[in-house]
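**Q** My questions all concern the structure below.
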2 protein chains.
Amino acid sequence: MGQELTILKLGGSVITIKAQPYTANSEAIKRLAGEIHRANIKPLIIVHGGGSYGHPTAAKYRIKEGYKEPSQAMGFSETHQAMVALNKMVLDALIREEVPAVTVQPSAFILTDKGRIRSMETDVILTLLELGITPVLYGDVVLDSTLGFTILSGDQLVSSLAIKLGADRIIMGIDVDGLYTADPKVDPSARLIPHLTPQELRSLQQKIEEVQVTDVTGGMLGKILELMPAVMQGIKAIIVNASKPNNLYRVLKGRKVPGTIIEASENVA
Amino acid sequence: MGQELTILKLGGSVITIKAQPYTANSEAIKRLAGEIHRANIKPLIIVHGGGSYGHPTAAKYRIKEGYKEPSQAMGFSETHQAMVALNKMVLDALIREEVPAVTVQPSAFILTDKGRIRSMETDVILTLLELGITPVLYGDVVLDSTLGFTILSGDQLVSSLAIKLGADRIIMGIDVDGLYTADPKVDPSARLIPHLTPQELRSLQQKIEEVQVTDVTGGMLGKILELMPAVMQGIKAIIVNASKPNNLYRVLKGRKVPGTIIEASENVA
């Protein structure tokens, strides 16, 4: 790439209102587009989640489990179209802020097998970056060689793109400050973990699995485990609260913000 | 494919109001989605043009001529986003009519060289068809190995898809009845040509080129020449007025409507 590539994930919980189906957080989208414009970081790839757009329709038609019956074709169509609607809002906001960004529809060029990426040509993404354009991808419904179709999460996409394109860092913009010892939304004793190595993550995971089945970190552990293959290749992952104004701007500019840094090296910056 | 594949082009002049920039013909889109639903033809691929959505921004930034300066990145982004807006209206209308349709963004998987398609993986399109889903593509801005980027017309896309996937027929839905001896919108003596072979087309082309530089047929000749490689492979091309209610429905169902049929065989049905 020449310059250091950043892959930015905008969490579905940040850009939509999770409790209200098909409701975007238009203010957050506008603010984040402004922060991305001000930071002016290139090369940059943006991946966003589905939040309250993707999940309701996907769940209704059981898209993730794969193709079972012809009536699901309509569900595949509707789930994709819900993501298109959300993605269009993100792109409209970026373009309004004069960020040259172009969507690269994941389902148009990525195929999975049993839910894992099997083929992903990166020619288009690389050429866009060379032209100074920011590619924007999103968690999507995709075709799957075993299941017929399934869901490809934005998190898997982030990790795969980071590895395939040799990214320098991954920034995960979520709606809490980082990885906690428990779910900070329900447990007041939850403590933020500022720094984590893959070794520490593994022991944390074992401790959690010994105690209970559900993910006490409020779903964060699953997201982070998805990033581990990238972290093991030396890519730094920074988890930051993008719901708080200016946090994303600051982390894009390389400044320190409260959050969780996950990296393989023991040398903490 | 097993069954006979139809590739349907919805002209930009049918689904937008050409004289008004960024204005969709919402009524036409709704009506055509209804006709496609009623005809219930599978396998079907839909390709639509840009009309007053794609052309103004593309012209403003001279996208077709290729990458010349960094400021065009914004133009590439905006032109694509204009097509996304139009495409979303088409898909929303199809989904409202319970047609399981999914967009396959051309620029996400097609690369051109000097404006001609250089690579186009059809795995996604074929798998969608197998699942009973109608892929929808459109004329788009695309990355080009010589020019940096350019415009890929819906007509070139139709012809390439037809050849690559072995289509049975191409239906071109436009805003006049077919190919005329002159532009029917300005010349009252213009006569509709109901049937044409490639040989007849070539002599017509020569006659036109002898007389004057501009395309007297009102731009139709260029569109038809783009289809000739497909016609030469035995694919029938039917040009029909999709602005007239029920024409598209009837032609999808294999019925005769006024129009122009172009086919290589001398045996006229």
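**Q** Within segment B:58-96, how many residues turn out to be touching a strand residue (DSSP E or B) at 6+ places or on another chain (Cβ under 7 Å) and hydroxyl-bearing (Ser, Thr, Tyr)?
**A** The qualifying residues number 3.
**Q** Scan segment A:188-201 and give yes if some residue there is in contact (Cβ under 8 Å) with a residue 60 or more places away in the chain, among the small types (Gly, Ala, Ser) and part of a loop (DSSP other than H, G, I, E, B), otherwise no.
**A** No.
**Q** What about residue A:111, is it more than 17 Å from the chain's Cα centre (by Cα), facing another protein chain (nearest Cβ under 7 Å) and touching a residue at least 24 places away in the same chain (Cβ under 8 Å)?
**A** yes
**Q** I'd like the residue in segment B:94-108 that is within 11 Å of residue A:81 (Cβ to Cβ) and not polar (S, T, N, Q) and, out of all such residues, is farthest from the other protein chains (Cβ to nearest Cβ).
**A** Filtering first and then ranking leaves B:96.
**Q** Could you tell me whether residue B:78 is in a helix (DSSP H, G or I), open to solvent by less than 20 Å² (accessible area, probe 1.4 Å) and among the charged types (D, E, K, R)?
**A** Spelling it out, it is not the case that residue B:78 is in a helix (DSSP H, G or I), open to solvent by less than 20 Å² (accessible area, probe 1.4 Å) and among the charged types (D, E, K, R).
**Q** Also, I was wondering about something else. Condition first: among the β-branched types (Val, Ile, Thr) and part of a loop (DSSP other than H, G, I, E, B). Now tell me which residues in segment A:38-67 satisfy that.
**A** The answer is A:41, A:63.
**Q** Taking segment B:156-175 as the region of interest, how many residues are open to solvent by 20 Å² or more (accessible area, probe 1.4 Å) and either modelled with pLDDT under 95 or under 13 Å from residue B:222 (Cα atoms) (or both)?
**A** Selection size over segment B:156-175: 1.
Here is a yes/no grid of residues against (1) aliphatic (A, V, I, L, M); (2) under 21 Å from the mean Cα position of the chain (by Cα); (3) on the phi > 0 side of the Ramachandran plot:
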residue: A:42; (1), (2), (3): no, yes, no
residue: A:53; (1), (2), (3): no, yes, no
residue: A:57; (1), (2), (3): no, yes, no
residue: A:68; (1), (2), (3): no, no, no
residue: A:75; (1), (2), (3): no, no, no
residue: A:83; (1), (2), (3): yes, yes, no
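**Q** So the check is Cβ under 7 Å with 6+ separation or different chains; which pairs have a first residue in segment B:73-93 that's at the interface with chain A (Cβ under 7 Å from one of its Cβ atoms) and a second one that's charged (D, E, K, R) and open to solvent by less than 10 Å² (accessible area, probe 1.4 Å)?
**A** Within 7 Å, the pairs are B:80/B:140.
**Q** Determine the pairs where a residue that is more than 9 Å from chain B (Cβ to nearest Cβ), located within segment A:114-135, has a partner that is in a strand (DSSP E or B) and among the basic types (Lys, Arg) with Cβ atoms under 8 Å apart, the partner being 6 or more residues away or on another chain.
**A** none
**Q** Given the residues A:46, A:36, A:29, A:41, which is the only one that is more than 16 Å from residue A:174 (Cα to Cα), of a type in the set (A, V, I, L, M) and open to solvent by less than 50 Å² (accessible area, probe 1.4 Å)?
**A** A:41
**Q** Looking at segment A:131-150, which of its residues are over 18 Å from residue A:5 (Cβ atoms) and either surrounded by 24 or more Cβ atoms within 10 Å (Cβ to Cβ) or polar (S, T, N, Q) (or both)?
**A** Once the filter is applied, which keeps residues that are over 18 Å from residue A:5 (Cβ atoms) and either surrounded by 24 or more Cβ atoms within 10 Å (Cβ to Cβ) or polar (S, T, N, Q) (or both), segment A:131-150 yields A:138, A:139, A:141, A:142, A:143, A:145, A:146, A:149, A:150.
**Q** For residue A:112, work out the one condition from (1) β-branched (Val, Ile, Thr); (2) over 16 Å from residue B:122 (Cα atoms); (3) out of contact with any helix residue (DSSP H, G or I) (no Cβ under 7 Å at 6 or more places or on another chain) it doesn't fulfil.
**A** Only one criterion in (1) β-branched (Val, Ile, Thr); (2) over 16 Å from residue B:122 (Cα atoms); (3) out of contact with any helix residue (DSSP H, G or I) (no Cβ under 7 Å at 6 or more places or on another chain) is unmet by residue A:112, namely (2).
**Q** Could you run through segment A:60-71 and say how many residues are without any contact (Cβ under 8 Å) to a residue 60 or more places away in the chain and either within 10 Å of chain B (Cβ to nearest Cβ) or β-branched (Val, Ile, Thr) (or both)?
**A** The total comes to 2.
**Q** Another question about this same structure. Does residue B:69 satisfy being of a type in the set (D, E, K, R), out of contact with any Leu (no Cβ under 9 Å at 6 or more places or on another chain), surrounded by 17 or more Cβ atoms within 10 Å (Cβ to Cβ) and under 15 Å from residue A:131 (Cα atoms)?
**A** For residue B:69, the condition - of a type in the set (D, E, K, R), out of contact with any Leu (no Cβ under 9 Å at 6 or more places or on another chain), surrounded by 17 or more Cβ atoms within 10 Å (Cβ to Cβ) and under 15 Å from residue A:131 (Cα atoms) - is not met.
The values are calculated or read from the model by the stated rules, or taken from the named source; none is laboratory data. Predicted model only: the values in this text are computed from it and were never measured. Neighbour counts run over all protein chains shown; Cβ positions are idealised from the backbone, glycine included. The area values use the complete protein model at the heavy-atom level, side chains included, leaving out ligands, DNA and RNA. Shrake-Rupley method; radii C 1.70, N 1.55, O 1.52, S 1.80 Å.
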